[in-house]
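Colleague: Here's a structure for you.
The values are calculated or read from the model by the stated rules, or taken from the named source; none is laboratory data. Bear in mind that the values here come from a model prediction, so they are computed numbers and not experimental data. Glycine gets a Cβ as well: all are built from the backbone with ideal geometry, and neighbour counts include every protein chain shown. We work out accessible area using only protein heavy atoms, side chains counted, and drop any ligands, DNA or RNA first. Shrake-Rupley method; radii C 1.70, N 1.55, O 1.52, S 1.80 Å.
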Amino acid sequence: MVLKLKNFEIGEGKLTILAGPCAVETLDIMRETAEGLKRTCEKLDINYVFKCSYDKANRSSINSYRGLGMEKGLEYLAKIKNEFDLPIVTDIHTPDQASIAAEVADIIQIPAFLCRQTDLLVAAAKTGKIVNIKKGQFLSPYQMGSIAKKVVDSGNDKILITDRGTSFGYNNLIVDMRGVEIIQKELGYNMVFDATHSVQIPGGQS
């Protein structure tokens, strides 16, 4: 399925990259990243979506840096969107955040650990924006079908499914490349491959 953004379409056979700082830190870092990645993607003829989270709510430690919060974070994301003419993707963590984030974001991202939360999926769907659902490490690709259906049944068929590895024992992930075929061909959704989270040691503080 082709998903339309302002500047391009996802799923038309051209590579699209979602990338940026993990969490909102400073506007200078965001500008430097957006400028560099946009320039590189234009040179390589790749579609680019700026990704940054105003809040990372699933850190290992309560003392870990999470971002600048929703108000300031979305303010900075809006500046990047306007200054560099880029679509934006950011996470939400609670249903009440969906409509607020959608005022800036072109793609609403559902974190992997929250991907089965019905109220969160419904709220994201009702924004009318593209919904990027990150597959929980504890789920098989096939199980994403019923999760995506919650979004479809809420009136929104603009869905991306991101694979970011599957739990294999304690603190380890493996990537089963059969998931590409399952998600794209059998379930019929555009798939995003999370190349960075797939090689981390989740919860292992490494």
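Colleague: Which of the following residues is open to solvent by less than 20 Å² (accessible area, probe 1.4 Å) and more than 27 Å from Ala123 (Cα to Cα): Cys41, Cys52?
Modeller: Values: Cys52 fails: more than 27 Å from Ala123 (Cα to Cα).
Only one candidate passes the filter, namely Cys41.
Colleague: Shifting gears a bit: Can you tell me which residues in segment 111-122 are open to solvent by 20 Å² or more (accessible area, probe 1.4 Å) and of a type in the set (A, V, I, L, M)? Break it down stepwise before answering.
Modeller: Narrowing segment 111-122 to residues open to solvent by 20 Å² or more (accessible area, probe 1.4 Å): 113-114, 116-119, 122.
Residues satisfying the conditions are Leu114, Val122.
Colleague: Can you tell me which residues in segment 79-100 are of a type in the set (A, V, I, L, M, F, W, C) and closer than 16 Å to Leu5 by Cβ? Before the answer, list the steps.
Modeller: Here is the first cut: in segment 79-100, the ones of a type in the set (A, V, I, L, M, F, W, C) are 80, 84, 86, 88-89, 92, 98, 100.
Result: Ile80, Phe84, Leu86, Ile88, Val89.
Colleague: Here's another thing I want to ask about it. Take Leu68 and tell me if it is among the hydrophobic types (A, V, I, L, M, F, W, C), touching a helix residue (DSSP H, G or I) at 6+ places or on another chain (Cβ under 8 Å) and open to solvent by 10 Å² or more (accessible area, probe 1.4 Å).
Modeller: Details: among the hydrophobic types (A, V, I, L, M, F, W, C): yes; touching a helix residue (DSSP H, G or I) at 6+ places or on another chain (Cβ under 8 Å): yes; open to solvent by 10 Å² or more (accessible area, probe 1.4 Å): yes.
Judged against the criteria, Leu68 is a match.
Colleague: In this structure, is Ile100 open to solvent by less than 10 Å² (accessible area, probe 1.4 Å) and among the hydrophobic types (A, V, I, L, M, F, W, C)? Outline the logic, then answer.
Modeller: Numbers: open to solvent by less than 10 Å² (accessible area, probe 1.4 Å): no; among the hydrophobic types (A, V, I, L, M, F, W, C): yes.
So Ile100 does not fit the description; no.
Colleague: List the pairs whose first member sits in segment 134-154 and is within 10 Å of Leu121 (Cα to Cα), whose second member is surrounded by 21 or more Cβ atoms within 10 Å (Cβ to Cβ) and small (Gly, Ala, Ser), and whose Cβ atoms are under 6 Å apart, counting only residues at least 6 apart or on separate chains?
Modeller: Listed by first residue and then by second, the contacts come to Val151/Ala125; Ser154/Ala125.
Colleague: Restricting attention to segment 1-37, which residues are assigned to a helix (DSSP H, G or I) and surrounded by fewer than 17 Cβ atoms within 10 Å (Cβ to Cβ)? Before the answer, list the steps.
Modeller: Residues of segment 1-37 assigned to a helix (DSSP H, G or I): 27-37.
Answer for segment 1-37, where residues must be assigned to a helix (DSSP H, G or I) and surrounded by fewer than 17 Cβ atoms within 10 Å (Cβ to Cβ): Leu27, Asp28, Ile29, Arg31, Glu32, Glu35, Gly36.
Colleague: Something else: Give Asn58, Asn63, Asn82 a once-over and let me know the one that is under 30 Å from Asp119 (Cβ atoms), more than 19 Å from the chain's Cα centre (by Cα) and of a type outside the set (D, E, K, R).
Modeller: Values: Asn58 fails: more than 19 Å from the chain's Cα centre (by Cα); Asn82 fails: under 30 Å from Asp119 (Cβ atoms).
Every option except Asn63 fails the conditions.
Colleague: Looking at Tyr76 and the list (1) closer than 15 Å to Ala19 by Cα; (2) open to solvent by 40 Å² or more (accessible area, probe 1.4 Å), which single condition is not satisfied?
Modeller: (1)
Colleague: Here's another thing I want to ask about it. Of all residues in segment 130-146, count the ones that are outside any loop (DSSP other than H, G, I, E, B), touching a Lys or Arg at 6+ places or on another chain (Cβ under 7 Å) and either open to solvent by less than 10 Å² (accessible area, probe 1.4 Å) or at positive phi (or both).
Modeller: The number of residues fulfilling the criteria is 3.
Colleague: Another question, then. Do you know which residues across segment 151-164 are assigned to a helix (DSSP H, G or I) and surrounded by fewer than 20 Cβ atoms within 10 Å (Cβ to Cβ)? Full working, then the answer.
Modeller: Initial filter on segment 151-164 (assigned to a helix (DSSP H, G or I)): 151-152.
Residue satisfying the conditions is Val152 alone.
Colleague: Just to be sure I understand the filter: pairs with C-beta atoms under 8 Å, separated by 6 or more residues or on different chains, first member in segment 185-203 and small (Gly, Ala, Ser), second member part of a loop (DSSP other than H, G, I, E, B). Which pairs pass?
Modeller: What qualifies is Gly188/Met1; Ser198/Arg164; Ser198/Gly165; Ser198/Val175; Gly203/Ser60; Gly203/Asn171.
Colleague: Let me ask you something else. Could you grab me the full set of residues in segment 46-79 that are modelled with pLDDT of 95 or more and within 22 Å of Asp194 (Cα to Cα)?
Modeller: Correct list: Ile46, Asn47, Tyr48, Val49, Phe50, Lys51, Cys52, Ser53, Tyr54, Leu77.
Colleague: Could you please tell me which pairs satisfy a Cβ distance under 8 Å, a separation of 6+ or placement on different chains, a first residue in segment 94-120 that is farther than 22 Å from Leu173 by Cα, and a second residue that is among the charged types (D, E, K, R) and assigned to a loop (DSSP other than H, G, I, E, B)?
Modeller: Ala102/Lys129; Ala105/Lys129; Asp106/Lys6; Asp106/Lys129; Ile107/Lys129; Ile108/Lys129
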